[in-house]
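In what follows, a single structure is set out as structure tokens and then discussed.
The values are calculated or read from the model by the stated rules, or taken from the named source; none is laboratory data. Just so you know, these numbers come straight off a predicted model, no measurement behind them. Note that we place each Cβ from the backbone using ideal geometry, even for glycine, and neighbour counts take in every protein chain shown. Just the protein is used for accessible areas: all its heavy atoms, side chains included, with ligands, DNA and RNA removed. Shrake-Rupley method; radii C 1.70, N 1.55, O 1.52, S 1.80 Å.
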Amino acid sequence: MKQVRQIVWSLVLVLTILFTAGLTKTIQAAEVSSYTQTARLTKDGNPLTNGSKVLTNEKLSASISLTFPDSQAIQAGDTLTISLPKELTLYTALEFNVLEEGQSNGQTVGKAVVDTGKKTVTVTFNDYFASHPLNKRVALHFDVKVDSEVVTKTSPIQFKLGNTDFSLNYEKTDGEAGDYEMKYGYQDKSDPTIIKWRIILNARQDMLRGMVIKDQFGDGLTLVEGSLRAVRYAPVEGGIKNEAQILSLPVLDNFTKKAVFDKNADGKITGFTIEFGDNYNWPMYIEYSTKVAPGTKVGDIVHNTLTWTATNFPAPRSLTREVRLESGTGEGLGEKDQTPPTSSSTSSSSSSSSSSSSSSTSSSSSSSSSSSTSSSSSSSSSSSTSSSSTSNSISTSSSSLKSSSSSVKEEAPKPGKKKVLPSTGEKMTPVVLIMGVFLAVLSVGILRVKKDS
């Protein structure tokens, strides 16, 4: 009996799992694939045309416009991915809402995510287009630049962004180190809350007596601890031309440990001072990363100021640089479907009209039996009423048929190109068959156990 119970419970468990799977209808998110898109690139607000010149790290603003056919259904959780051509890259990881176009109520269409590693912008839709299925459109706006790791030299480049072809003249530039100081900052590629700063000092390779270097972070920036690196190099003939050149040289000495840090009330580093002393014609390179303050928003500007002095210089030299945090925007719009009256409501109306007509005819007939004069009059009235009722009934019936036809047409599935995995649980026939097989196996198993015992 113990073996029988084990077999029974095992089969019950299997049947329960199968039955649950059969009853569960699985809903899969889909990648939206049916749409048309056009693209636009601008530099400093001016559209790029064939032959436009673009420099290394020069910021380009991209606008992608997408339109969807009514047959392309878009449900909550569905996604759409835009891939950049290999010649372009994105500045930093980013997320932004796609808002309802022209509205100030904060209604969103979905959320866009910028992936710098994959060079993609992916929109995940909410249920907005499920209730606004007609004339759907979306526009996305974000910044790009030529990928200097792919395009390594000055040359013409051709690429397709969306369905739009571009032909530009790329000019590779390594920047300039200046005479005494150079500084710039940029957002980390994978973490937009981190700003990286780069400094070159004494590219001219002068003798600087009693040199003191100070750097003060503005706008709530704080040092990413362990990121500061300050090094010097042996002089080279002709001085330092650019960052690429100085980074190709062997490091002569690391003087990071000379830094004395300024801290805020929370103990976070907000700047540093390096009393270097005499600089015997050495070019210097300093790099570090800062974290933006909580509450800093995309599009905000953060500042950083470098100051240095030397006793053989008449006055301090200072340089302030700023970084605007990357941002993206998007908007979308659709129209609501105008659903026609359902066939059931029209049939109900037709039935009511028919009932009213029958009641009217009955009333005429009763009036006819009262008097002959009245009968004559009533007969005429009844005839008129009957004719009117019949006409109304035919008209209503015709309307009902048209409505029913319209309803059937409306409920027909739309031939979209949406890639959706088939749902399970639509038909129970396979489950019933499986249950029958297992019940048969169960019976055989019980009979065998009884026979053996």
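Some observations on this one:
- For segment 116-145, the set of residues classified as within 25 Å of residue 166 (Cα to Cα) and loosely packed, with under 15 Cβ neighbours inside 10 Å consists of 117, 118, 120, listed by residue number.
- Residue 294, sole failed condition from (1) surrounded by 12 or more Cβ atoms within 10 Å (Cβ to Cβ); (2) within 37 Å of the chain's Cα centre (by Cα): (1)
- So residue 206, is it over 44 Å from the mean Cα position of the chain (by Cα), acidic (Asp, Glu) and surrounded by 13 or more Cβ atoms within 10 Å (Cβ to Cβ): yes
- Screening segment 136-225 for strands (runs of 3 or more DSSP E) wholly inside it with 3 or more residues that are hydroxyl-bearing (Ser, Thr, Tyr) returns the ranges 164-171.
- Of the residues making up segment 275-282, not a single one is surrounded by 12 or more Cβ atoms within 10 Å (Cβ to Cβ), touching a residue at least 40 places away in the same chain (Cβ under 8 Å) and closer than 30 Å to residue 298 by Cβ.
- Per-region count, segment 56-69, residues touching a Gly at 6+ places or on another chain (Cβ under 9 Å) and assigned to a loop (DSSP other than H, G, I, E, B): 3
- Cβ-Cβ under 6 Å pairs, at least 6 apart or on other chains, segment 76-101 side without any contact (Cβ under 8 Å) to a residue 40 or more places away in the chain, far side open to solvent by less than 30 Å² (accessible area, probe 1.4 Å) and assigned to a strand (DSSP E or B): 83/120
- For residue 182, the conditions (1) touching a Gly at 6+ places or on another chain (Cβ under 9 Å); (2) crowded, with 17+ Cβ neighbours inside 10 Å; (3) under 30 Å from residue 113 (Cα atoms) are fulfilled apart from (3).
- Residue match in segment 184-199 (condition: within 29 Å of residue 278 (Cα to Cα) and small (Gly, Ala, Ser)): yes
- Any hit, segment 230-241, residues being free of Cβ contacts under 8 Å to residues at least 60 places away in the same chain, surrounded by 12 or more Cβ atoms within 10 Å (Cβ to Cβ), in a strand (DSSP E or B) and not aliphatic (A, V, I, L, M): yes
- Taken over segment 252-274, residues that are open to solvent by 70 Å² or more (accessible area, probe 1.4 Å) and part of a loop (DSSP other than H, G, I, E, B) amount to 4.
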